[in-house]
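Colleague: I have a structure I would like to understand better, so I am pasting it below and will then ask my questions one at a time.
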Amino acid sequence: MRNFSSHFRKLLKPLALATVIAVSAISVTFGQDAPADSSATATPASTVAGDAAAGEALFKANCTSCHALNKRVLGPALAGVNQKYTNEWLKKWIKNSSALIASGDKQAVAVYEEYNKAVMTSFPQLSDGDIDNMLAYIQVEGDKKPEVAAGAVAGGAAAADTGISDFMLIGLVAVVLIAFLVILVLNKVIGTLERLLLKKGDSIILLEEEEAVEEKTDKYATVKKLAKNKKFVAFVVLALLITLSTFGFMDLWNTGIQTGYQPVQPIKFSHQLHAGANQIECQYCHSGAWKSKNATIPSLNVCMNCHKYVQATENYGGEISPEIQKIYTALDYNPETQKYGQNTRPIEWVRIHNLPDLAYFNHSQHVKVAGIECQKCHGEIQEMAEVYQYAPLTMKWCINCHKETEVNSKGNAYYDKVIAAHEQIKNGEKVTAAVLGGLECGKCHY
């Protein structure tokens, strides 16, 4: 009984603490659910005749690849363009900027010169109504205050202070009072039970101690008995020896095998996006796989063939993707001026597929000559958001592949030479090492 009372008393402090935390959580929840002042997020009325909702869809479909509202991308930031230029001029510029520049329009020529004589894409398919809708959208979104937009992105965290009703306050106070009254009553009950237990004398305590001693004795009696059994001890030692030897052999056998190895790379490059969704050929980036021993890691200039224009700003609220920004930082490239600096540094990629120095592997021999797909060794690379080592790349794995892979010699110049050599042997002609490719540099130098 005393043990029960002492354990129960220990629970009182956590119970009280949990009550306070629960009440605080309810208070915070009510505070967060308080309705915000609608006047703080009201959107200013557009001064341009047009449908801003319809203009949003047109803007995202035609303009976001080169423009953002509040930041320069390839083209200028468009917020405030309604006040800087007239509607009629903007319509001419959007429909055919080249013609407007050729006409000698001062504003058109100034924009053309400011942006390194980069010609804006013409949109003759857009009607005057479509352009009015886009300008209305630019007016509405451009006039929004930055702190309001930030609040919207954060999920409306900056709600206005509207206060809590009297009913909520009274309810919270009542919950706190009831919780502490319950704790006080329980404390009194435990104290009463302890006093009653003391009046009974020490007989109950002695009885509990005797039961604990008997329980302890019975607990280890079986173990001591088994420890004296030599046959049982020998069996246990033999079983442990076999088990540990098995696990040790498995660990030694798999030493150096790194199937599933997936290191963290400096840039989160997704093959699932590039090779899968966008269906970019593997050899566009890894050109060496077709013509040399190594597949090669593409230089950042290859990345810039696309990412000079593709910046994924639509997924980051008009900001450049942080992973694409890492490419710009490494190249010391300024996307606003589109110029390169002198402070460049390489991207330190972490190698995933490693072969020992004693093994020779030639990508071109497998990719070009044998026509093997990349997925044969690297797995479904087009489905990997992050690349990992798919195959064990052991000698056994390679040998099994060579045993199972059928050679297709049709239309293959390499095997044409081999077949011709066999025909020469059949006809009794002399076959030298040169006929079998013995003069190729790679046979000795690699």
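The values are calculated or read from the model by the stated rules, or taken from the named source; none is laboratory data. Quick caveat: nothing in here was measured; it's all calculated off a predicted structure. As a convention, Cβ positions derive from the backbone with ideal geometry for all residues, glycine included, and neighbour counts pool all protein chains shown.
Colleague: Output yes when any residue across the stretch 358-371 is under 29 Å from TRP253 (Cα atoms), modelled with pLDDT of 85 or more and β-branched (Val, Ile, Thr), and no when none is. Lay out the reasoning, then the answer.
Modeller: Kept after step one, since they are under 29 Å from TRP253 (Cα atoms), are these residues of the stretch 358-371: 358-363, 366.
Then keep just the ones that are modelled with pLDDT of 85 or more; that gives 358-363, 366.
Then keep just the ones that are β-branched (Val, Ile, Thr); that gives none.
No; the residues of the stretch 358-371 include none that is under 29 Å from TRP253 (Cα atoms), modelled with pLDDT of 85 or more and β-branched (Val, Ile, Thr).
Colleague: Here is a further query. With the requirement that a residue be surrounded by 13 or more Cβ atoms within 10 Å (Cβ to Cβ) and assigned to a loop (DSSP other than H, G, I, E, B), what does the stretch 350-379 give you?
Modeller: Our first condition is that a residue be surrounded by 13 or more Cβ atoms within 10 Å (Cβ to Cβ); within the stretch 350-379, this holds for 352-353, 361-370, 372, 374-379.
ILE352, HIS353, PHE361, ASN362, ALA370, ILE372, CYS374, GLY379 - these are the residues of the stretch 350-379 that are surrounded by 13 or more Cβ atoms within 10 Å (Cβ to Cβ) and assigned to a loop (DSSP other than H, G, I, E, B).
Colleague: Looking only at helices (runs of 4 or more DSSP H) that fall completely inside the stretch 61-129, which ones have 1 or more residues that are in contact with a Leu (Cβ under 8 Å, 6 or more places away or on another chain)?
Modeller: On the way: elements: 81-84, 87-95, 97-102, 106-114.
By residue number, 81-84, 87-95, 106-114.
Colleague: Of (1) closer than 13 Å to ASN133 by Cα; (2) modelled with pLDDT under 80, SER65 satisfies all except one. Which?
Modeller: (1) is the only condition that SER65 fails.
Colleague: Please tell me if MET134 is in the same structural domain as ALA77 (by TED's automatic domain parsing), at pLDDT 80 or above, part of a loop (DSSP other than H, G, I, E, B) and of a type outside the set (D, E, K, R). Even if it seems obvious, please write down each step before you answer.
Modeller: Working: in the same structural domain as ALA77 (by TED's automatic domain parsing): yes; at pLDDT 80 or above: yes; part of a loop (DSSP other than H, G, I, E, B): no; of a type outside the set (D, E, K, R): yes.
Taking the combined requirement at face value, the residue does not satisfy it.
Colleague: Report whether or not GLN262 is surrounded by 13 or more Cβ atoms within 10 Å (Cβ to Cβ), modelled with pLDDT under 95, within 30 Å of GLU323 (Cβ to Cβ) and under 17 Å from the mean Cα position of the chain (by Cα). Before you say what the answer is, go through the steps one by one.
Modeller: Numbers: surrounded by 13 or more Cβ atoms within 10 Å (Cβ to Cβ): yes; modelled with pLDDT under 95: yes; within 30 Å of GLU323 (Cβ to Cβ): yes; under 17 Å from the mean Cα position of the chain (by Cα): yes.
The answer is yes for GLN262.
Colleague: If you don't mind, another one. Taking the stated definitions as given, is LYS92 within 36 Å of the chain's Cα centre (by Cα) and either surrounded by 18 or more Cβ atoms within 10 Å (Cβ to Cβ) or charged (D, E, K, R) (or both)?
Modeller: Working: within 36 Å of the chain's Cα centre (by Cα): no; either surrounded by 18 or more Cβ atoms within 10 Å (Cβ to Cβ) or charged (D, E, K, R) (or both): yes.
So LYS92 fails the test.
Colleague: Quick one: which of VAL140, VAL119, VAL111 is at pLDDT below 80, in the same structural domain as LEU58 (by TED's automatic domain parsing) and under 25 Å from GLN311 (Cα atoms)? So that I can check it myself, show each step before the final result.
Modeller: Numbers: VAL140 fails: at pLDDT below 80; VAL111 fails: at pLDDT below 80.
So the residue among VAL140, VAL119, VAL111 that is at pLDDT below 80, in the same structural domain as LEU58 (by TED's automatic domain parsing) and under 25 Å from GLN311 (Cα atoms) is VAL119.
Colleague: Tell me which residues, restricted to the stretch 302-324, are of a type outside the set (Ser, Thr, Tyr), surrounded by 18 or more Cβ atoms within 10 Å (Cβ to Cβ) and assigned to a helix (DSSP H, G or I).
Modeller: Result: CYS303, HIS307, ILE324.
Colleague: So, one more: Note down all Cβ pairs under 8 Å where the first residue falls in the stretch 293-313 and is of a type in the set (S, T, N, Q), the second is surrounded by fewer than 16 Cβ atoms within 10 Å (Cβ to Cβ), and they're at least six residues apart or on different chains.
Modeller: Short answer, once both residue conditions are applied: THR296/SER287; THR313/THR64; THR313/GLU319.
Colleague: Moving on. Give the residues of the stretch 275-301 that are within 18 Å of HIS366 (Cα to Cα), among the polar types (S, T, N, Q) and assigned to a loop (DSSP other than H, G, I, E, B), sorted by residue number.
Modeller: SER287, SER292, ASN294, THR296
Colleague: Would you mind stating whether ASN400 is exposed (fewer than 13 other Cβ atoms within 10 Å of the Cβ), free of Cβ contacts under 8 Å to residues at least 60 places away in the same chain and either in a helix (DSSP H, G or I) or touching a Lys or Arg at 6+ places or on another chain (Cβ under 8 Å) (or both)?
Modeller: Details: exposed (fewer than 13 other Cβ atoms within 10 Å of the Cβ): yes; free of Cβ contacts under 8 Å to residues at least 60 places away in the same chain: yes; either in a helix (DSSP H, G or I) or touching a Lys or Arg at 6+ places or on another chain (Cβ under 8 Å) (or both): yes.
So ASN400 fits the description; yes.
Colleague: Please specify each residue of the stretch 103-129 satisfying the condition of being farther than 24 Å from THR337 by Cα and exposed (fewer than 15 other Cβ atoms within 10 Å of the Cβ).
Modeller: Correct list: SER103, GLY104, PRO124, GLN125, SER127, ASP128, GLY129.
Colleague: Quick one: which helices (runs of 4 or more DSSP H) lie wholly within the stretch 145-256 and hold at least 1 residues that are modelled with pLDDT of 75 or more? Quick ask: steps written out before the conclusion?
Modeller: On the way: elements: 146-153, 166-199, 203-227, 230-253.
Those helices (runs of 4 or more DSSP H) span 166-199, 203-227, 230-253.
Colleague: Return the residue satisfying two criteria in turn: it lies in the stretch 408-446 and is under 43 Å from the mean Cα position of the chain (by Cα) and surrounded by fewer than 10 Cβ atoms within 10 Å (Cβ to Cβ), and of such residues it is farthest from VAL350 (Cα to Cα).
Modeller: This residue is HIS445.
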